[in-house]
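The values are calculated or read from the model by the stated rules, or taken from the named source; none is laboratory data. The shown structure was predicted, so the numbers you read here are calculated from the model rather than taken from an experiment. Virtual Cβ from ideal backbone geometry, glycine too; neighbours counted across all protein chains shown. Only protein heavy atoms, including side chains, enter the accessible area calculation; ligands, DNA and RNA are left aside. Shrake-Rupley method; radii C 1.70, N 1.55, O 1.52, S 1.80 Å.
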Amino acid sequence: MLALAICVSRPILAQTPQELGEQLFRQAFPGTNGRSCATCHVPENDFTLTPAHVESLWKSNPNDPLFNAIDADDPDARKLTFNHLRKGLVRVWITLPDNVDIIDYLGNVTTPRDRRLFVWRSVPSIRDSAMTAPFQLDGRVATLEEQAQHAITDHSQGGTISRADLEHLAAFERSIFSSDRARRAATTLSAGGSHETAAQVDEGLQLTSAEERGREVFKKVCAVCHGGGAMTTIVDRRIHDLSFSSLRPNGTVVYQIPATDPPTPVPSHQPTNEFINIGSAYEAFMAGLDPDSQSFTKSVSFPHYRYRFYTDGTRTKKVADLPPQPASFNPFSNKKDGDGNPITGPNIAMQLYSTDPGRAMITGSPYDFEAFDIPSLRGISRTAPYFHNNTAEKLEDVVELYSDHFMARFPPLSISDGPPEPDADGDAGPPEAPSAQQKKDLVAYLKRL
């Protein structure tokens, strides 16, 4: 009986790589600050870090490893505060490419000695990662194994772990899906099927009339960039090209000559670029200026950066300064150049600083300024808040932002089935693209993904 008791009391050992990986995912590795993968990728919250979870944990256990000084608002403060973390944001450090400097408003180089900058970013879910490489919001890591090591080094402050442990962690992450449809899509892709074939897993969805209408809106507006089985594939390169305008060395956009009405930017075709600047970082900049902004993260501060791009690592010949200096001392002026075209930066509007360089700090290309990876929309209703900086609290807010601010940059996405709505917040720009009913229908469909 004693031997039986001993046998029963032993922990059940995991047998598969996925089971071993889940154990490793939930435990802190030796030599770390106590954080595990699950500290930030919370399994109970669809493997994301939600503000509600942070708030609850802060009240119940402010000494939890989540509340480490590395993610404090000011890590050097005598009394640490975590307002950014309570919005679901963590601090991410990025090393500048050899051909990039940080500059001030006057154009003076202010690059720190360690050539690093930090940004505040949300915590992406690990779900569906079997088909969404590369990883991180700027695509800076190619594999899940590499991503796991970066997280242990950068966020858990640990050392190098074994290749076997990394492979087990990756195996577990590849087993997590947002739905059975997502799992079938991943199976199709891993077997060599096309993204178009994998997308067919959604055809059997039983939808309400509103959801059916929303799917039609989705196909016309969202699927151009969120296409294929993973819902991360750009299928309309015309839309993508509208996000990349040719630039002068001072960072301003090159427009067609003679000037057109409205002005026509000269595109910089990026046929192999799968990242895109839709204006989400610019939205954070605007929220910092507008006291009436509805941004979910307007109560916290973001960095103020300008960047100088050079041809190479010698940093002698400038390619572009971004964002460009204001056209005049009145940054809200409508000053034009000698050809009658506006003087603007890549976001086609006034911008004093950047809150996050996005993909540009990975590639060293000014054309990746504030561009981010295209996230999958599968299971999106369970991963609020949204965008790389948690700007939008709810799906309805995401659709409003696209309609009110982002779609104006992409005329082919104007699909209104009725009189277009005026801008509710009174900002500059054309009327909203979809009608109020189209937006409601689209939200209804997105919640089914």
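Cα axis of helix 51-60 to longest principal axis of the chain: angle in degrees, 0 to 90, nearest 10?
50
Under a no-solvent Debye model with one identical scatterer per Cα of segment 88-128, what's log10 I(q)/I(0) at q = 0.25, 0.35 Å⁻¹?
Values, matching the q order: -0.88, -1.14.
In segment 245-369, with Lys and Arg counted as +1 and Asp and Glu as -1 at Cβ, which of these residues, ALA284, GLY340, MET361, has the Cα nearest the positive end of the dipole, that is, farthest along it?
MET361
Percent relative contact order of the chain, based on C-alpha pairs within less than 8 angstrom and at least six residues apart?
It comes to 17 percent, rounded to a whole number.
Rg (Å, one decimal) plus Dmax (Å, integer) for the alpha carbons of segment 178-223?
My reading of the Cα-based Rg and Dmax gives 12.0, 34 Å.
So what is log10(I(q)/I(0)) for segment 259-342 at q = 0.18, 0.26 1/Å, when the Debye sum runs over its Cα atoms only?
-1.24, -1.26
Between SER125, SER209, SER376, where does the largest GNM mean-square fluctuation fall for the chain, given springs only between Cα atoms within less than 10 Å?
Of SER125, SER209, SER376, the Gaussian network model singles out SER209 as fluctuating most.
Cα centroid distance between segment 155-187 and segment 105-134, in Å?
21
Find the eigenvalues of the gyration tensor of the Cα atoms of segment 147-200, then list the square roots of 5 times those eigenvalues as equivalent ellipsoid semi-axes, largest first, in whole angstrom.
Those come to 30, 11, 9 Å.
In Å, what is the Rg of the alpha-carbon atoms in segment 29-104, and how long is Dmax?
My reading of the Cα-based Rg and Dmax gives 14.6, 46 Å.
For the chain, count all C-alpha to C-alpha pairs, find those more than 37 Å apart, and express that count as a whole percent of the total.
28
Which lysines have a Cα lying under 22 Å from the Cα of LYS394, excluding residues fewer than 8 positions away in the same chain?
Partners within reach: LYS87, LYS219, LYS220, LYS298, LYS439, LYS440, LYS447.
Which Rg and Dmax, in Å, describe the Cα atoms of segment 128-265?
Expressed in Å, the Cα Rg and Dmax of segment 128-265 come to 20.4, 61.
Take peptides 25-31, 64-70, 118-124 and line them up by average Cβ neighbours within 10 Å, highest first, as a rough protection proxy.
Descending packing order for the listed peptides: 118-124, 64-70, 25-31.
Any idea what the dipole of the chain comes to, in debye rounded to 20, about its Cα centre with Lys/Arg Cβ at +1 and Asp/Glu Cβ at -1?
780
Under 4 °C and 1.567 mPa s, how fast does segment 241-301 diffuse according to Stokes-Einstein, given a Kirkwood radius computed over C-alpha pairs? Answer in µm²/s, whole number.
Calculated translational D: 92 µm²/s.
Can you give me the % of accessible surface on the chain that is carbon or sulfur? Probe 1.4 Å, all protein chains present, nothing else counted.
In the chain, the share of accessible area belonging to carbon and sulfur is 54 percent.
In a shell of Cβ-Cβ distance under 13 Å around GLN256, excluding GLN256 itself, what net charge do Lys and Arg (+1) and Asp and Glu (-1) give?
-3
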